1. Just to confirm my numbers, what's the Cα centroid distance between region 62-132 and region 323-359 in Å?
2. Which one of 89, 105, 143 is farthest out on the positive end of the charge dipole of region 1-143, using unit charges on Cβ (Lys, Arg +1; Asp, Glu -1) and the Cα centre as origin?
3. Along the charge dipole of the chain, Cβ charges K/R +1 and D/E -1, which of 169, 288, 339 sits furthest on the positive end?
4. Calculate, for residue 177 and residue 129, the FRET efficiency according to 1/(1 + (r/R0)^6) with r their C-beta to C-beta distance and R0 35 Å; round to the nearest 0.05.
5. Indicate the gyration tensor shape class of the chain (rounded, prolate or oblate), computed on the Cα atoms with a ≥ b ≥ c the square roots of the eigenvalues: a/c under 1.5 is rounded; otherwise a/b larger than b/c is prolate and the rest oblate.
6. Charges at C-beta only: +1 for Lys and Arg, -1 for Asp and Glu. How large is the resulting dipole of the chain about its Cα centre, in Debye rounded to 20?
7. Over the chain, what relative contact order in percent results from Cα pairs under 8 Å that are six or more residues apart?
8. With the Cα gyration tensor of region 8-70 giving a ≥ b ≥ c as the square roots of its eigenvalues, does the rule (a/c under 1.5 for rounded; else a/b larger than b/c for prolate; else oblate) give rounded, prolate or oblate?
Amino acid sequence: MLRSGSFALTGLLAVLTGIGPLSVDMYLPSWPEMARLLNATPAQVQLTISVYLIGFAIGQVIYGPLSDRHGRKPVLLAATALFIFASVICTVAPSIEVLIAARALQALGGAGMMVLPRAIVRDLYEGVYVAREMARMAAVMALTPVVAPLLGGVLETAFGWRSNFVCLTIFGVVTGALVWWLLPESLRTRAPEAISPTSILRVFGEFLQNRFFLAHLGLGICSFIGLFAWISSAGFVMQEIYGLSPFSFSVAFAIGACGYLVGTSLGSYLVTRLGIDRTVGLGTVAYAAGGLGAVMALALGLTSAASIVLPTAVYLAGLGLVLPLAQAGTLLPFPRRAGAASSLVGFVLQLTGAVTGVIVGHGLGQNAWPLAAGLGIAGGFAVVTWVLTRSARGDSRHAAHH
């Protein structure tokens with residue numbers, strides 16, 4: 001079994017949480033081919049992400065409370081098994097409709113692989129060390145959006161779009177085996193009441209009355225608006241508008257993701273020196289700068305793909321600073337309900353991503369304005385949220401430590 005505090009445990013938890021970006025980012029270079037071979041519209045192909053995010057959101061509502069009651073490990077193993085089964089169906093899907101349905105099922109399994117590692121971290125750590133561990137996990141996980149589209153571009157070029165889902169199936173099998181053999185059970189005190197819709201809603205209602213929780217949840221929502229404006233439009237914008245090949249797009253996407261890698265690395269270093277709040281403040285400045293840069297690039301009529309990719313990389317650097325620490329902030333007040341708190345946060349954030357994806361997807365046409373507008377709006381909202389919730393974060397932080 002892996003020891004608490006070991007880098008091996010951090011790595012395994014990061015790999016598990018990487019299932020979300022891997023399942024979304026890897027097949028982006030295949031979108032044009034999928035649309036052609038499955039006789040689908042761009043909006044239908046984009047729906048494979050939005051449906052995945054909705055399923056991901058619904059699944060996270062369930063797994064956290066279940067794991068508070070029955071333990072983290074058995075619930076995580078069940079989620080992994082469902083993910084593997086659905087990935088096989090995605091691989092052999094004969095139509096876009098079957099693929100969309102299979103993606104929803106895949107998301108229900110993947111949700112547990114995302115939400116439970118955060119709860120495990122809260123089980124094992126206290127205070128700022130929760131934030132540090134979340135940032136370390138994010139730094140490891142940040143390699144996923146860098147590597148995933150590059151891998152997807154290679155797979156698309158060599159084997160076609162179905163090979164992406166073969167790869168996800170293998171990923172599920174390997175991570176499931178690692179969880180079975182190496183992951184310890186971290187839950188110390190199990191929730192006494194049986195799981196029911198009423199009990200889940202009552203606990204969620206308690207979370208939503210906590211100002212510290214709400215302040216950090218708001219910052220997370222801002223993160224996901226910009227992130228999924230990029231994810232939901234990048235495949236078509238970079239290839240159809242800017243004329244990049246599938247592999248060139250995967251390189252451009254990876255360059256943007258390097259911003260996230262830089263942000264998470266800085267976050268894990270700065271959080272123990274500046275604290276959660278100041279580090280998050282720096283991240284919101286990067287959000288605003290990246291969003292403004294993307295809007296200005298289109299307003300000035302710049303035609304290079306780099307004019308969009310580079311501001312996006314700045315935005316994603318802010319994401320790396322803000323998102324892990326905002327998620328840690330939502331868990332700090334609830335050490336005995338970390339699973340349920342992680343579930344509610346995951347549900348809200350994934351639903352935000354799904355709605356953003358649908359809006360941006362339907363706005364896609366002859367220019368990149370849906371992408372730039374999403375980044376700009378998210379950046380502005382993030383700065384305003386950070387300023388307006390300062391007193392709530394300060395008061396509730398003191399209460400959480402005592």
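Since every read-out is calculated from the coordinates, none of them should be taken as a lab result. Given the structure is predicted, the values throughout are model-derived calculations rather than measurements. Cβ placement follows ideal geometry from the backbone for every residue including glycine, while neighbour counts extend to all protein chains displayed.
1. Answer, in whole Å: 14.
2. In region 1-143, that residue is 143.
3. Highest projection toward the positive end goes to 339.
4. The computed FRET efficiency comes out at 0.75.
5. Values: a/c = 1.74, a/b = 1.21, b/c = 1.44.
Verdict is oblate for the chain.
6. Numbers: 22 positive and 14 negative charges, 193 e Å.
The calculated dipole for the chain is roughly 920 debye.
7. Details: 732 pairs, mean separation 108.6, N = 402.
RCO, the chain: 27 percent.
8. Details: a/c = 4.95, a/b = 1.82, b/c = 2.72.
Verdict is oblate for region 8-70.
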